[in-house]
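Written below as structure tokens is the structure these notes are about.
We did not get these values from a lab; they are worked out from the coordinates using the rules stated. This one's a predicted model, so the numbers in the text were calculated from it and none came from an experiment. FYI the Cβ positions are ideal-geometry reconstructions off the backbone, even for glycines, and counts take in every protein chain you see.
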Amino acid sequence: MNVVIFGCGRTGATLALHLAPNHSVTIIEQNPEALRRLGYKHNCRVVLGSGIDEDILERAGIEKADVFFAVTRGDNTNLMSAQVAHLKYKVAKVCIRVADPNRAEAYRGLGYFCITPSSLMAGMMRDWVLEEPFAPIDVYNILPKELEVQ
Amino acid sequence: MYLILIGGGNVGLQLAKRLLAAGNEVLLLEKDPRQAQRLASMLGEEVVYLGDGCEIAVQKSVGFGRADVVVAVTGEDEDNLVVCQMAKLVWNVKRVLARVNDPSHEQIFRQIGIDDTVSATGIIFSLIEQRITPDEMIPVGALAKGNIEVVEALLSHRSPVIDHHVRDLKLPTGTNFVWLLRDDQGLVVTGDTELHEGDTVVALVPRDQASALRTLLLPFKA
């Protein structure tokens, strides 16, 4: 697979290193310092810049990408870049990290696969302490009523 | 009308002032506490709300659901995009308007259904371009998804069409002179119109004919 990852934080770097042995991975990152997380022996391609800009995405090979991950710290940055990848470049699979659970839910309604780390973690911790088996991700995306807004 | 503005920078402030002066109900959202306080001292406490316009809880408490218009004017295109998209998606706001800071982002705004965008950078760029490059045909707008361009051309003394009647020109296929600006007066163009030095011609031209129109109206440039 051709994989493009926007954001080389802990999540992006770990994901890149998971996939790099068997797939062609390109990582987009604004801050050169962050690339240290990949170590010195990785075989990922690196493009410096922002994944909301089309020329950067193109340089990262978005036109031939099979999957795009938007995993920066910025929810809106992730949501915008993923929509560019999906709508303009027709990337078949896009995955978006969205820290705000309500925002994530709104975009799930549009069909995007959004991961909310806090929901996932809280749900897994609950299941761990109750000694329940871990559940599919949709289960973890269900918020306690108190956190729902509408 | 109830208008919600997101982003209390200079653009947001000036816009809020004018909309208030015109008698509208206005709410300005700003996420930086200090800036929100400054804005409140200028516009009044009831006009300014401290919070992140992208959060649904904030959107709920300021009443996105009853807003007639939501206008996103922050300096970050990704924030403007998400606010407008959520206003439509979650709250069914009928009219949303976004400031686009980087003109190359306009396409994605349109693609996700935010049709009303304002690109200050783009406007300033074309104004400057207009001033510094005489003998140029300047695109001022686009119709039919960009297939038809609205262009204007200032005719200098070097233009080959000076003192010609419009009827005698061989216009490219599908091209139409809409309007002519002469001595700050707008004139409707007919076949009888004679073109003068200093006239600005406004034309509709299919995109693929634009260079043919340029060749017709403007002097040859090496």
Sequence-separation-based contact order of chain A, relative, with Cα cut under 8 Å and 6+ spacing, percent: 18
On Cα atoms only, tilt of B:33-43 relative to the major axis of chain B in degrees: 70
Neighbourhood charge, 14 Å Cβ-Cβ cut-off, centred on A:Val149 and excluding it, Lys, Arg +1 and Asp, Glu -1: -3
Axial C-alpha extent at least 15 Å, average Kyte-Doolittle at least -0.5 - helices from chain A (DSSP): A:117-129
Nearest 10 degrees, 0 to 90: helix B:120-132 Cα axis against chain B principal axis: 30
Inter-chain Cβ neighbour average for residues B:49-55, partner chain, 10 Å: 2
Shielding by partners, peptide A:98-104 (average Cβ within 10 angstrom, other chains): 3
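How large is the translational diffusion coefficient of chain A in µm² per second when you combine the Kirkwood radius over alpha carbon pairs with Stokes-Einstein at 37 °C and 0.692 mPa s? All intermediate terms of the calculation are to be shown ahead of the outcome.
Working: Rh = 16.1 Å.
Using the Kirkwood radius from Cα pairs, D works out to 205 µm²/s.
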Virtual spin-label span in nm between B:Asn101 and B:Glu45, 7 Å along Cα→Cβ: 3.2
Sites excluded, trypsin sites (Lys or Arg not before Pro) in DSSP loops with at most 16 other C-beta within 10 Å, longest stretch of chain A: A:91-150
Antiparallel content of DSSP bridges confined to the protein assembly as shown, in %, to 5: 35
Local net charge near B:Val47, Cβ-Cβ under 14 Å (Lys/Arg +1, Asp/Glu -1): -1
log10 of Debye I(q)/I(0), alpha-carbon scatterers only, for segment B:11-54 at 0.26, 0.27, 0.28 Å⁻¹: -0.90, -0.96, -1.01
Cα-based helix-to-principal-axis angle, B:77-91 vs chain B, degrees rounded to 10: 70
Value at 222 nm in deg cm²/dmol, rounded to 500, when DSSP H runs of n ≥ 4 in chain B each add -39,500 (n - 2.57): -9500 deg cm²/dmol
Mean ellipticity per residue at 222 nm, deg cm²/dmol - from DSSP H runs of n ≥ 4 across chain A, formula -39500 (n - 2.57): -9500 deg cm²/dmol
Rg(Cα) / (2.2 N^0.38 Å) computed for the protein assembly as shown, rounded to two decimals: 1.24
Long-range tail of P(r) for segment B:133-217 (Cα pairs > 16 Å, %): 47
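From other protein chains only, count the Cβ atoms within 10 Å of every residue's Cβ in A:81-88, then give the mean.
Going residue by residue through A:81-88 and averaging, the value is 3.
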Compactness index (Cα Rg / 2.2 N^0.38 Å), segment B:2-123: 0.97
Volume per residue that the Cα convex hull of chain B spans, once the total is divided by residue count, Å³: 155
Reference-scaled alpha-carbon Rg (2.2 N^0.38 Å with N residues) for segment A:54-133: 1.27
Candidates B:Ala120, B:Ala21, B:Ala98: whichever shows maximal mean-square fluctuation once chain B is modelled as a Gaussian network with Cα springs under 10 Å: B:Ala21
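Checking the table B:Lys31/B:Lys94; B:Lys17/B:Lys60; A:Lys90/A:Lys145; A:Lys90/B:Lys31; A:Lys88/B:Lys88; B:Lys94/B:Lys145 against a 30 Å threshold on Cα-Cα, which pairs fail?
A:Lys90/A:Lys145; A:Lys90/B:Lys31, as the Cα separations exceed 30 Å there.
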